[in-house]
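The values are calculated or read from the model by the stated rules, or taken from the named source; none is laboratory data. None of these values were measured; they are calculated from a predicted model. Quick reminder, even Gly has a Cβ in these numbers, built from the backbone with ideal geometry, and neighbours come from all protein chains shown. Remember, those area values only see protein heavy atoms, side chains included, never the ligands or the DNA or RNA. Shrake-Rupley method; radii C 1.70, N 1.55, O 1.52, S 1.80 Å.
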Amino acid sequence: MVWVNADAWEDFRPDRDAYPPSVLGRGNGRPGERRVDIRRLDVLRPILAARMDMCAEKGFDAVDPDLLKNDLDQIPAPVDDFDFAVNEKCAEFDECAKLVPFVASGKAGLHAECSFSADEPCGTAEELVLDAIRKRLDLDVWRRTC
């Protein structure tokens, strides 16, 4: 799986010129990035589709349109439209159960936790049948699966 930034324009991406000024918003606090108006699917859909096609050509079997995740209150609406759900820190915020509609429909509920003590997120993940991973807050190469 690879993630693709879906809600920001980045000045270092090769497709930066595909974004018309009409969809560019203010900076998001990261150098070289600006928010995009995600309501403009007519403009963004072909740009993001091209990014996903590039990922498929490179051999990735899944794409996570990042910076749009962690909005668990919208579930179960997208269950029919997506193959899996990805969430960060649902154990910390006690909201992992909101991923259950994906699991119940035979799809993956993927969970990454980087704020934890001991095996705290693993019990929740196992109970809800989520695929979970623990990471350090600095997101180095260390990881533990549940």
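Couple of notes before you dig in:
So that you can scan it fast, the table gives a plain yes or no per residue for (1) open to solvent by less than 40 Å² (accessible area, probe 1.4 Å); (2) modelled with pLDDT of 95 or more:
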{"residue": "7", "(1), (2)": "yes, no"}
{"residue": "22", "(1), (2)": "no, yes"}
{"residue": "29", "(1), (2)": "no, no"}
{"residue": "52", "(1), (2)": "no, no"}
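- Residue satisfying condition, being within 23 Å of residue 41 (Cβ to Cβ) and touching a strand residue (DSSP E or B) at 6+ places or on another chain (Cβ under 7 Å), within set 68, 99, 72: 72
- Answer residue from the stretch 117-143, given it is β-branched (Val, Ile, Thr) and either assigned to a loop (DSSP other than H, G, I, E, B) or out of contact with any strand residue (DSSP E or B) (no Cβ under 6 Å at 6 or more places or on another chain) (or both) and is surrounded by the fewest Cβ atoms within 10 Å (Cβ to Cβ) among those: 141
- Within the set 49, 6, the sole residue that is closer than 27 Å to residue 81 by Cα, in contact with an Asp or Glu (Cβ under 8 Å, 6 or more places away or on another chain) and of a type in the set (A, V, I, L, M, F, W, C) turns out to be 6.
- Screening residue 89 on (1) over 24 Å from residue 7 (Cα atoms); (2) in contact with a Ser or Thr (Cβ under 7 Å, 6 or more places away or on another chain) shows it passes everything except condition (1).
- Exclusive hit being surrounded by 13 or more Cβ atoms within 10 Å (Cβ to Cβ) and within 22 Å of residue 5 (Cα to Cα), set 146, 96, 114: 114
- In the stretch 58-73, of all residues being modelled with pLDDT of 85 or more and more than 20 Å from residue 10 (Cβ to Cβ), the one that is most open to solvent (accessible area, probe 1.4 Å) corresponds to 61.
- Counting only strands (runs of 3 or more DSSP E) that sit wholly inside the stretch 1-88, those with at least 2 residues that are in contact (Cβ under 8 Å) with a residue 40 or more places away in the chain are 2-5, 63-66.
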